[in-house]
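Presented below is the structure to which this report refers.
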Amino acid sequence: MTAATVPAVRSVAELLGRVRGGEFGPDPAGQRISLAFTTTQAVRHRGRGGGYRNEVLSLRLAAAVGSCAVEPGTLPQGALDDCVGADVAHLLDHPLPAVRIAALDAYLAHVLPHTPAHGARPLPLPPGDSLGKSRARARAVVDLLPSGPAVRRVLVVGVVNSLLERLRERGTGYIPCDLKGGATEWGEPVRTDAQAELEGCDALLVSGMTLGNGTFEPLLEHARTTGKPLVLFAQTGSAVLPRFLGAGVTAVSAEPYPFFWLDGGPGVLHHYRLPNGPGDRPGDAT
C-alpha cells in the first residue's frame, strides 16, 4: 500500500474499524506484541523556570514501536502484562485508552512505516543538549504552520514552552491550552478548555496526547468544518495521526520512539503534509 492508496479517515472509530477489517494490512488478530514498556521522564531545561514530567506506554510489534502518553502515575499495575504476547486485535478493544492507542500506533507503524513511499519526509534533528534539541524540534513543528497575516493567533493544545517560544519569534499570537493548567514560561495563564477557545484562533497546533485523553476529535471536527489549518506534533500516535491528513489535518510532525528527549545524539522527525498546502516548502530543523 502506498500513500496514494491509503484513504483518509474522519474518526478514530472509523480507523479502528478499517484496521480490524484488514484494510491497511494483515489481520491484526495475527499480529502479536512482543514487548511492552514505559518511559518516564522528568526535565527542567537549563535557563527555564519550570519543569515537567512525561510517562509513555510503548508496545513493540516486529520492528515497529507504538506509543501513547499517559499522566504520570496513572497507568494501572498489570497493564504491561496485559499487552505482552497479546494480539493487536485483542488490544484494540482493551478498556484502557492508552493501550488501544499504543496498539493501533504499533500496528500502523508496522504496516505503514514512516518512509517517503508512505508520504513521510524525513527531517533530521541535530545533536545537542536537552534545550537545544527541544528548540530545534519546535522550529521544525511550528514552521509547518502557514506564515503571514492569515494566521494571527494559534490555539496550542499541549503546552510546550519551546513551541510557544518559536511562535513568539515568528510574531504569531497564541492561546496556550493544557488540561494541567498553570502558566507558561512568560507567566501567561494556560487555559484548560480547548473547545472554549476555538472561535478565537486562526489555526490549531495540537499534541498527539489528545488521542489518548479523548479530546482530539472535537478539534479535528472544528478544523474540518472551518478550514482552519490543523498541525499535529505526535509522539503519541505518530503513525495514527497521518491517516487523518486531508480529513481536517493539514500537517503532522511524527516522532516515533525513541523520542528527541532521550539522548543528545542526532534524531529524525517525519513530516506529512497536504500537497501544495500549508507547510509544503523546503526546510530543516536547524
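Would you mind stating whether R168 is within 19 Å of Y257 (Cα to Cα), assigned to a helix (DSSP H, G or I) and at pLDDT 95 or above?
Taking the combined requirement at face value, the residue does not satisfy it.
So K180 ticks every box in (1) farther than 19 Å from V231 by Cβ; (2) in contact with a His (Cβ under 6 Å, 6 or more places away or on another chain) but one. Which box is left unticked?
Failing condition for K180: (2).
Answer with yes or no whether L91 is modelled with pLDDT of 95 or more and either over 17 Å from the mean Cα position of the chain (by Cα) or among the polar types (S, T, N, Q) (or both).
Spelling it out, L91 is indeed modelled with pLDDT of 95 or more and either over 17 Å from the mean Cα position of the chain (by Cα) or among the polar types (S, T, N, Q) (or both).
Find the residue count for region 18-34, including only residues that are within 22 Å of G78 (Cβ to Cβ), exposed (fewer than 15 other Cβ atoms within 10 Å of the Cβ) and in contact with a helix residue (DSSP H, G or I) (Cβ under 9 Å, 6 or more places away or on another chain).
Residues that pass the stated criteria total 0.
So is S253 touching a residue at least 24 places away in the same chain (Cβ under 8 Å), assigned by TED's automatic domain parsing to the domain that holds P122, among the polar types (S, T, N, Q) and under 25 Å from A13 (Cβ atoms) or not?
Values: touching a residue at least 24 places away in the same chain (Cβ under 8 Å): yes; assigned by TED's automatic domain parsing to the domain that holds P122: yes; among the polar types (S, T, N, Q): yes; under 25 Å from A13 (Cβ atoms): yes.
In short, yes.
Return a yes/no flag: does region 225-236 have any residue that is closer than 25 Å to D105 by Cα, at pLDDT below 95 and among the aromatic types (F, W, Y). Spell out the reasoning first.
We begin by selecting, within region 225-236, every residue closer than 25 Å to D105 by Cα; these are 229-236.
Then keep just the ones that are at pLDDT below 95; that gives none.
So far as region 225-236 goes, no, none of its residues is closer than 25 Å to D105 by Cα, at pLDDT below 95 and among the aromatic types (F, W, Y).
Taking region 171-202 as the search range and keeping residues that are crowded, with 16+ Cβ neighbours inside 10 Å and out of contact with any Lys or Arg (no Cβ under 9 Å at 6 or more places or on another chain), which one is nearest to V43 (Cα to Cα)?
If we take residues in region 171-202 being crowded, with 16+ Cβ neighbours inside 10 Å and out of contact with any Lys or Arg (no Cβ under 9 Å at 6 or more places or on another chain), then T184 is nearest to V43 (Cα to Cα).
Report every pair of residues separated by at least 6 positions or lying on different chains whose Cβ atoms are under 9 Å apart, first residue within region 12-25 and farther than 18 Å from L220 by Cβ and free of Cβ contacts under 8 Å to residues at least 40 places away in the same chain, second part of a helix (DSSP H, G or I) and of a type outside the set (K, R).
Every condition considered, the pairs that remain are G22/P28; E23/G17.
Right, R243: charged (D, E, K, R), more than 14 Å from the chain's Cα centre (by Cα) and at pLDDT 95 or above or not?
No, not satisfied.
Looking at region 124-168, which of its residues are surrounded by 23 or more Cβ atoms within 10 Å (Cβ to Cβ), β-branched (V, I, T) and under 18 Å from A42 (Cα atoms)?
Selection gives V159 alone.
Being assigned to a loop (DSSP other than H, G, I, E, B) and closer than 23 Å to V240 by Cβ is the filter here, so list the residues in region 138-165 that pass it.
D143, L144, L145, G158, V159, V160
The values are calculated or read from the model by the stated rules, or taken from the named source; none is laboratory data. Treat the numbers as computed from the prediction; the structure is a model and nothing was measured. As a convention, Cβ positions derive from the backbone with ideal geometry for all residues, glycine included, and neighbour counts pool all protein chains shown.
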